[in-house]
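Bear in mind these aren't lab numbers, they're just calculated from the coordinates by the rules spelled out. If you're wondering where the values come from, they're calculated on a predicted model, not measured in any experiment. Neighbour counts are summed over all protein chains in view; Cβ atoms, including those assigned to glycine, are modelled from backbone coordinates with ideal geometry.
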Amino acid sequence: MDAKSIIMVLTLGVMKDHQVLVKTDGIDSDAALDALKSLIENNFGERLSSLQRDE
Amino acid sequence: MMEKTLKGIPASDGIAIGPAFCYMPAKLTVPVCAAGTVDEEMARFDSARERARVELQSLFEAIEKRAGKKEEASIFEAHQEMLSDPVLEGKVRAEVEVGQTVEEALVKATEEVASLLAGMNDELFAARALDVKDVSRRILPRPCWWMCLLKILISSASAQMT
């Protein structure tokens, strides 16, 4: 699954509280993993208010 | 002098006067036209995507400028993301490589991706199929219509000459 493809990411159907396994590969795999880790830890840049509205 | 400031969210931006924009979404159909080489077709795909990207960027900026419309504007950011989706591009290229025009390839690739999303259990995800179709409609290269017309005119002109 290519995480660069928003379509493929959507088809995963990942929702709140789901667990995902992230694998990276290639010369910049460490940097990519770090970037994805901080993205997830920072709520994908979403503010709390917009998260609450969705619930 | 008495002054009172009222705060609120504007319900309307006011009255606008200007040329009307006719919203007539194009159907995802393609003109019958001979395919060029793979490179030619993909070059048309790239320039059509670039045109669509500029369109989406100006829509994003126009809507973002309106107070409190940041979230509405973000849909156009998501559409830009879909525009450059490697999976969509890969499907288009695969179709072009077997001799399809880029328009035919895009319609087929869009149907594939859209049905993938539409088949999802969650309504929110399934509705994203419409976004993919929206984006493809925006990409669909328009110059081909002119190319076809030109080809028909040239062929009828040469038919008259002989």
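In straight-distance terms, cross-link reach from B:Lys91 covers every one of the lysines whose alpha-carbon lies under 22 Å from its own, apart from those fewer than eight places away in the same chain; here that gives A:Lys4, B:Lys27, B:Lys108, B:Lys133.
Is the C-alpha gyration tensor of segment B:34-145 telling us rounded, prolate or oblate? Criteria: a/c under 1.5 is rounded; beyond that, a/b larger than b/c is prolate, otherwise oblate. It comes out oblate by the Cα gyration axes. Can you classify segment B:39-96 as rounded, prolate or oblate using the Cα gyration tensor, where a ≥ b ≥ c are the square roots of its eigenvalues, rounded means a/c under 1.5, and otherwise it's prolate if a/b beats b/c and oblate if not? Because a/c hits 1.5 or more and a/b fails to exceed b/c, segment B:39-96 counts as oblate. Within straight-line reach of A:Lys16, meaning a Cα separation under 16 Å, sit the following aspartates and glutamates at least 8 residues removed in sequence or on another chain: A:Glu41, A:Glu46, A:Asp54, A:Glu55, B:Asp122, B:Glu123. Phi angles across segment B:104-112 convert, under the Karplus curve 6.51 cos²θ - 1.76 cosθ + 1.60 with θ = phi - 60°, into 3J(HN,Hα) values of 4, 4, 5, 4, 5, 4, 5, 4, 4 Hz, Gly and Pro given as x.
Need one word for segment B:79-120: rounded, prolate or oblate. Basis is the Cα gyration tensor (sqrt eigenvalues a ≥ b ≥ c); a/c below 1.5 gives rounded, then a/b vs b/c decides. Cα axes put segment B:79-120 in the oblate bin. Counting, for every residue in B:80-87, the Cβ atoms of other protein chains within 10 Å of its Cβ and taking the mean gives 5. Straight-line cross-link partners of B:Lys65 among the aspartates and glutamates, defined as a Cα under 13 Å from its Cα and at least 8 positions apart when in the same chain: B:Asp13.
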